[in-house]
Amino acid sequence: MEILHALIVWPDQLLLSLLLLFFIAVPILYGARQAMHSLLHAMFRAVSNPLRLMSRWLFKSADALRERNKLVLLSRGREEVSLNIVKEFDRVTSLVERDLHGYPALQRKLMDEITRIEEEFQKCGEVPPPPPEWTKAVAAIAKIKPSGDGLVERILEDISNSIDDVYDKVVAEYRESSKQRHNILKNFMPFWRSVDRSLKRVDKDLTGMQQSAAKIDEQVEKFKQIHAKSENAEHSLTSSSTILFVISLLAITIAAGGAFVNFWLIERPMAAMVGGSEYIVGDIQASYLAAMVIIFFETLMGLFLMESLGYTHLFPLNNLNNRMRRWLVWISFSILLILAGVEVALAVMRDLIISADIALKQELAGGSAVTAAVANSWALDIPKAAQMILGFTLPFALAFVAIPLEYLIHSGRTVFGALLVLSIRALGFAMRFISTMVHQIGKGTGYLYDAIIFLPLIIERAVMNRGPRQATLPPGSSGGMAALSKHGEHVL
Amino acid sequence: MSRRFWIIPVLALSLFAISCADQRTHAQAVYMLVDTSGTYSKELDKAQRVVSYMLGTLKAGDSFAVARVKSRSFSEKDIIAKVSLGKDPMQMNNQKREFAHKVGTFKADLKKGSAYTDITGGMIQASEFLNETGAGQKTILIFSDMQEELDYKTVRDFPIDLKGIRIIALNVTKLTTDNVDPRRYMGRLEWWEKRARDAGASDWKVVNDLEHLERIFKGRG
């Protein structure tokens with residue numbers, strides 16, 4: 001400000017003084033134009049180029065990380081699909097071993113039953129009785145015309161009676177024969193049912209086999225896609241990992257809630273064990289730490305139990321043989337059981353402490369009569385029982401945390417990897433954006449400089465247009481702007 | 001392999017606990033001075049309520065003492081009951097019960113109040129007791145009208161040391177003279193506050209509403 005005041009020639013005529021200063025400054029600025037443009041250009045590029053470089057590096061890093069994530073994801077997916085295929089094959093094997101190995105016997109049984117049905121069926125075929133020989137004689141007599149002769153009429157009557165008798169006999173025989181055939185058919189029923197059952201069983205087994213085969217086909221198709229490193233497989237695996245991550249996180253949060261309840265269940269009696277007035281760090285009481293250690297230990301034992309049972313694969317326990325694994329199961333289960341027992345004892349103790357506290361406070365307040373009245377109520381035992389049940393069940397419930405924890409760890413790698421890539425890209429974009437902005441501001445500042453010295457520039461352009469160099473310059477280019485745009489080019 | 005897995009967290013936690021054991025003491029010590037002079041001795045029911053409240057709030061490791069303020073109070077004989085609470089909750093309850101019983105007996109046995117009121121002597125005695133406990137937070141509760149009356153032989157006009165001790169005046173009743181000129185009451189409280197702060201007291205508070213005793217330790221650090 002002092003310098004500006006010193007430069008004012010006529011302090012009482014500020015505008016005039018400034019105008020004079022402007023006219024003095026313009027030729028100087030015009031003369032320094034090239035140098036100023038170079039200076040501005042260098043200054044802004046000093047900011048924008050590193051930003052652009054960094055942006056490019058970030059995008060490359062993001063790509064590299066994405067590739068790595070993809071490899072990890074596909075590897076994990078391949079492993080999972082392989083396990084699924086093995087599981088399905090195991091299912092099919094057990095199905096074949098359980099059901100199909102009895103098929104020869106079943107087939108024999110079916111064949112026997114079918115043969116028997118055929119034989120019986122043949123037996124029950126209807127055989128019409130052969131026409132008796134005397135029917136021809138009857139037919140010949142039947143041709144005799146009625147003559148009114150009494151002997152003939154009598155003979156015919158006798159024949160008619162005989163035929164009726166014979167007919168009745170034949171009908172009775174026929175009915176008897178039909179009845180026998182029906183009985184044979186009736187005896188078929190269990191065989192038919194047996195055959196029907198056997199065939200249904202075969203159908204069911206074959207359907208199960210078909211379903212398993214379809215599942216295997218599906219898994220194999222997935223495996224092929226993973227092997228081919230297709231985008232589809234990557235998206236599918238990322239999506240399933242994200243869902244798994246969210247579900248696992250939810251399960252862990254619920255488990256943390258259980259652990260919190262467990263903590264408050266054992267914290268107070270722990271104070272009686274390790275001392276309520278002992279502090280570890282700051283305001284953290286020793287009893288808090290002791291209770292937390294118990295809960296962590298329970299979780300750890302649960303982790304080992306799940307691990308040795310083969311439900312989780314967080315630790316490299318492959319080198320352990322089955323015997324050792326069984327030992328590990330029993331040991332971790334026993335410790336878990338002991339800790340659950342300890343928690344039950346602590347729950348009882350907690351109840352005692354709280355009851356004693358309430359009794360003391362009522363006594364101090366002079367309310368012993370109230371205490372006596374309520375003391376006999378069976379309802380007072382409910383919280384105690386609830387605490388005991390919680391104390392026993394929560395350690396075992398915590399043991400199952402191992403399963404969502406494993407999924408959380410595995411899916412977390414994918415989710416955090418994807419988030420990291422996204423963050424790096426966002427950062428890269430931001431840097432590129434800032435770089436472009438700085439570049440444009442630099443250009444704008446150059447134009448502003450030219451705008452201030454517009455008068456000499458117009459004159460310069462007029463002179464140049466009139467001179468012999470007009471033809472050599474590209475149309476529409478002034479020397480300054482061309483230089484600026486040339487300077488304004490980015491190296492990247 | 002598996003054994004190592006169990007031992008590592010146990011060892012780590014033990015080491016963590018040992019290395020990080022907090023050396024500061026979080027226990028608190030409370031010394032309650034109960035004015036038994038003249039007509040103020042009639043306020044003992046209220047004092048007992050305060051004692052009951054305090055017993056309800058104190059935790060394991062805390063110390064508590066109740067002493068009477070009489071003509072000359074700089075003596076251990078004036079301590080009615082004192083206790084350092086144990087770590088076992090059941091034992092702690094018995095200690096509290098016994099303490100309440102002692103205070104109750106004292107109240108029942110008190111026939112008449114003392115002629116003079118030696119608050120300063122009581123405070124010196126209290127600060128000695130509190131410093132001996134080594135507690136992290138030390139509090140003197142004064143259940144009195146804060147009107148100090150000394151006989152001609154008793155010397156108390158010297159600087160006292162109440163460094164790091166919080167002073168809380170409870171149930172400071174107004175005297176007849178205060179009613180005539182309230183400035184006397186306010187002046188008396190100001191004088192005591194100044195004296196306490198000059199003696200190094202970390203805080204000075206007056207709590208007259210005994211329905212809200214939780215205000216006694218409001219904002220305790």
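What follows is calculated from the coordinates using simple rules that are stated; it is not laboratory data. It should be emphasised that the depicted structure is a prediction, and the values quoted were computed from it without experimental measurement. Cβ placement follows ideal geometry from the backbone for every residue including glycine, while neighbour counts extend to all protein chains displayed.
Stokes-Einstein diffusion of segment A:28-95 at 20 °C, 1.002 mPa s viscosity, Kirkwood radius from Cα pairs, rounded to a whole number: 125 µm²/s. In vacuo Debye scattering of the protein assembly as shown, one point per C-alpha: log10 I(q)/I(0) at q = 0.07, 0.09, 0.10 Å⁻¹? So the normalised log intensities work out to -0.90, -1.02, -1.09. Rounded to the nearest 5, the antiparallel percentage of DSSP beta bridges internal to segment B:108-221 is 10%. Computed 3J(HN,Hα) for segment A:438-448, one whole-Hz value per residue from the Karplus formula 6.51 cos²θ - 1.76 cosθ + 1.60 where θ = phi - 60°, is 4, 4, 5, 4, x, 4, x, 5, x, 5, 5, glycine and proline marked x.
Residues whose amide H falls under 5 Å from that of B:ILE80, counting only those 5 or more places apart or on a different chain, are B:VAL66, B:ALA67, B:ARG68, with hydrogens built in the peptide plane. Averaging over all projection directions, the Cα-based convex hull of segment A:244-352 occupies 8.7 nm² in the image plane. Quick check on chain B: of the DSSP beta bridges with both residues there, what percent are antiparallel, nearest 5%? Of those bridges, close to 20 percent are antiparallel. Nearest 0.05, what FRET efficiency do B:ASN94 and A:ILE409 give at R0 = 41 Å with Cβ-Cβ as r? In this case the efficiency is close to 0.20.
Dipole check for chain B: with +1 at the C-beta of Lys and Arg, -1 at the C-beta of Asp and Glu, and the Cα centre as origin, the magnitude is about 580 Debye. Taken about its Cα centre, the protein assembly as shown carries a charge dipole of about 2280 debye when Lys and Arg each add +1 at the Cβ and Asp and Glu each add -1 at the Cβ.
Between A:VAL220 and A:TRP330, residue separation times 0.36 nm minus the direct Cα-Cα distance comes to 35.8 nm. Distance from the C-alpha centroid of segment A:371-442 to that of segment A:28-107: 25 Å, rounded to the whole angstrom.
The residues packed around B:GLU211, meaning those with a beta-carbon under 11 Å from its beta-carbon, carry a net charge of +1 if Lys and Arg are +1 and Asp and Glu are -1.
Calculated mean residue ellipticity, 222 nm, chain A: -30000 deg cm²/dmol, from DSSP H runs (n ≥ 4) at -39500 (n - 2.57) each, averaged per residue and rounded to 500. Each Lys or Arg adds one and each Asp or Glu subtracts one; over the other residues with Cβ under 11 Å from the Cβ of A:ALA271, this totals +1.
Taking other C-beta atoms within 10 Å as the exposure proxy, A:MET301, A:MET111 rank A:MET111, A:MET301 from fewest upward. Between A:ASN69, A:LEU7, A:ALA137, the Cα set farthest toward the positive side of the dipole of chain A (charges on each charged residue's Cβ, about the Cα centre) is that of A:LEU7.
Every helix of 4 or more DSSP H residues in chain B counts as -39500 (n - 2.57), and over all residues that averages to -13500 deg cm²/dmol at 222 nm.
The phi torsions of segment A:106-118, fed into the Karplus equation with coefficients 6.51, -1.76 and 1.60 and a -60° offset, translate into couplings of 5, 5, 4, 4, 4, 4, 4, 5, 5, 4, 5, 4, 4 Hz, rounded to whole numbers, with Gly and Pro shown as x. Note on B:78-90: average number of Cβ atoms from other chains within 10 Å of each residue's Cβ is 3. Using R0 = 56 Å, the C-beta based FRET efficiency linking A:ILE24 and A:LEU420 works out to 0.45. Summary value for chain A: 30 percent relative contact order, contacts being C-alpha pairs under 8 angstrom separated by 6+ residues. Around the amide H of B:GLY61, modelled in the peptide plane, lie the amide H atoms of B:LEU85, B:GLY86, all under 5 Å away and 5 or more residues distant in sequence or on another chain. Averaged over the residues of A:298-310, the number of partner chain Cβ atoms lying within 10 Å of the residue Cβ comes to 1.
Proximity of backbone amide H atoms, modeled 1.01 Å from N, is registered between B:ALA169 and B:ILE142, B:LYS205, B:VAL206, B:VAL207 at under 5 Å, excluding neighbours fewer than 5 places apart on the same chain. Segment A:285-306 and segment B:117-174 have Cα centres separated by 48 Å. Each of B:ASP145, B:ASP178, B:ASP161 was scored by other Cβ atoms within 10 Å of its Cβ. Listed from fewest to most, they are B:ASP161, B:ASP178, B:ASP145. Averaged over the residues of B:60-66, the number of partner chain Cβ atoms lying within 10 Å of the residue Cβ comes to 2.
Whole-Hz Karplus values for segment B:197-207 come out as 5, 4, 7, x, 4, 6, 7, 9, 9, 10, 10 Hz, taken residue by residue from phi with 6.51 cos²θ - 1.76 cosθ + 1.60 and θ = phi - 60°; glycine and proline positions read x.
Residue exposure proxy: B:TYR40, A:TYR288, ordered by other Cβ atoms within 10 angstrom of their Cβ from fewest to most, comes out as A:TYR288, B:TYR40.
Packing-based ranking of A:32-43, A:338-349 yields A:338-349, A:32-43, ordered from highest to lowest mean Cβ neighbour count within 10 Å.
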